[in-house]
């Protein structure tokens, strides 16, 4: 990775941005795996919503944004959108697990 000031063409800058975006997407994919895995420790939708944790995450990400010179409102909106997606994934994962458990109970 180059530093922004070391880029001498727009193409170099775009290439660096593309690499950063790929790292972000890779990190989100990794986060998704943890989001799916945490459902093992949740028993219902209220556990998935984890309202106190949600507020804590938003506050902390706002602080991190400010520390990096980013607009905390923009980062909060990004996280709200991302967390909504991950909550849906967790709900679906929990639903599937409960269905499998119910099916295995009926089979016995």
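The values are calculated or read from the model by the stated rules, or taken from the named source; none is laboratory data. A quick note: this is a predicted structure, and the numbers were derived from the prediction, not measured. Here the Cβ positions follow ideal geometry from the backbone for every residue, glycine too, while neighbour counts run over all protein chains shown.
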How many of the residues making up the range 44-59 are touching a residue at least 12 places away in the same chain (Cβ under 8 Å) and either over 15 Å from residue 76 (Cα atoms) or outside any helix (DSSP H, G or I) (or both)? 4
Contact list please: Cβ distance under 9 Å, first residue in the range 1-13 and farther than 20 Å from residue 23 by Cβ, second residue surrounded by 10 or more Cβ atoms within 10 Å (Cβ to Cβ) and at pLDDT below 95, pairs at least six apart or on different chains. none
Any residue in the range 17-24 that is within 14 Å of the chain's Cα centre (by Cα), part of a helix (DSSP H, G or I) and at pLDDT 95 or above? yes
Scope the range 4-16; condition under 27 Å from residue 79 (Cα atoms) and at pLDDT 95 or above; matching residues: 13, 14, 15, 16
Could you tell me whether the range 76-89 includes any residue that is in a helix (DSSP H, G or I) and over 15 Å from the mean Cα position of the chain (by Cα)? no
